[in-house]
1. Lys/Arg Cβ at +1, Asp/Glu Cβ at -1, dipole of segment 3-284 taken about the Cα centre: which of Gly243, His263, Ser74 is farthest positive-ward?
2. Which of Thr47, Thr82 has the fewest other C-beta atoms within 10 Å, and how do the rest follow up to the most?
3. I'd like the trypsin sites (Lys or Arg not before Pro) in segment 51-134 restricted to DSSP loop residues with at most 11 other Cβ atoms within 10 Å, sorted by number.
4. To the nearest whole percent, what portion of all C-alpha pairs in the chain is separated by more than 37 angstrom?
5. In a shell of Cβ-Cβ distance under 13 Å around Lys146, excluding Lys146 itself, what net charge do Lys and Arg (+1) and Asp and Glu (-1) give?
6. Positive end of the charge dipole of the chain (Lys, Arg +1 and Asp, Glu -1 on Cβ, about the Cα centre): tell me which of Pro197, Asn58, Leu104 has its Cα farthest that way.
7. Once you list every other residue whose beta carbon is under 9 Å from the beta carbon of Leu26, what net charge do they have if Lys and Arg are +1 and Asp and Glu are -1?
8. Where Rh is the Kirkwood radius over the Cα pairs of segment 1-108, the temperature 37 °C and the viscosity 0.692 mPa s, what D in µm²/s does Stokes-Einstein return?
Amino acid sequence: MRIREVLNKKRTFSLEIFPPKLENPLEPVIETINKLDDLHADFISVTYGAGGTNKGRNNEICQYVLDKGDNLVSHFTSIGNTRSEAIERVKKYVGMGGDSILALRGDYPEGWTGTGGDYKYATELIKDLVDNFPQLCVGGACYPEKHYEAPSLEEDVKVMKLKEEFGCEFFISQLCYDLEAYKRFMDVVDKTGVASPIVVGLLPVIGRKGVLKITSDNACNIPKELQTIFDKYEDPADFKKAGLEYTKDLVEKYLGLGVSGIHLYTMNKWQDIREIVLDTSLNNLK
Ligand code: FAD
């Protein structure tokens with residue numbers, strides 16, 4: 001089902017799957033999907049490698065999800081794509097049965113200063129996809145703490161509005177551990193008149209390195225409560241235990257704010273994802 005239709009019906013709980021690199025086996029990712037199957041996620045999203053890498057594996061995982069009969073959102077980045085290449089690739093995705101897509105610019109691969117293709121911004125890609133595939137449900141990314149290149153939060157949210165005007169039907173947000181920042185973001189979203197559902201991306205706090213890298217790469221804040229966990233728990237097992245409790249609490253706080261959905265990055269850690277879902281209201285969202 002198109003993701004906007006899913007979001008129109010209920011608040012969603014969804015999973016983000018990272019396809020393996022071309023040289024690595026598919027099995028651990030397939031196992032993750034299978035081990036989480038009985039949680040009945042409202043949709044599964046499959047990321048698309050930077051610089052167009054892992055394209056093959058993205059396709060294979062998307063096909064697997066579609067064959068299972070789950071709702072699917074493939075991510076797609078404009079990096080390295082001419083207009084016609086992008087349209088061709090998305091045509092194949094639609095041909096496979098894909099009805100929803102997250103249209104992104106992508107991060108520049110190391111040493112690049114542009115997208116190396118026809119699209120400068122995701123906004124242009126969104127417009128092209130909506131124009132060429134009117135049946136496709138096109139979503140976009142958003143950034144509660146603003147995208148690292150944006151001059152201000154207000155300017156970045158204007159870009160969301162533009163995406164919406166071009167036909168973007170839903171947003172998935174960058175991770176944001178800072179709830180106060182999220183509330184400020186929502187104020188700007190409301191003032192700017194962005195009306196599409198926003199699903200909150202959430203990286204579970206499981207390992208120190210992963211959280212530090214992603215927050216620093218994306219200029220995201222580590223609020224005091226999370227910093228305390230970093231300061232207090234040196235031992236990885238203790239850190240993970242406290243991190244999982246923090247994550248569950250954050251899920252409930254986000255749901256308390258009335259968000260449209262929660263999107264969990266799985267990182268193949270299906271045991272931890274299961275625990276988070278089963279111990280929170282994600283288990284029974286209406
Ligand atoms: P854009 O929307 O183009 O924004 C990039 C910058 O340009 C922003 O500062 C924005 O304010 C500005 N901008 C956009 N349009 C305009 C305009 N018309 N005029 C002026 N300024 C403009 N990367 C991957 O490689 N693969 C993935 O699978 C992937 N999945 C992601 C999923 C989510 C939910 C998120 C939040 C990010 C994901 N990313 C992924 C990372 C993403 O590609 C990067 O954050 C990238 O730097 C920006 O992508 P975007 O689509 O937000 O770009």
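1. Ranked along the dipole, the leading option is Ser74.
2. Fewest to most other Cβ atoms nearby, the residues stand as Thr82, Thr47.
3. Answer by residue number: there is no such site.
4. 8 percent
5. -4
6. Pro197
7. -1
8. Result for D is 230 µm²/s.
Read-outs: derived from the displayed coordinates by stated rules, not from any lab. As the structure is a computational prediction, the values presented were derived from the model and not from experiment. Glycine gets a Cβ as well: all are built from the backbone with ideal geometry, and neighbour counts include every protein chain shown.
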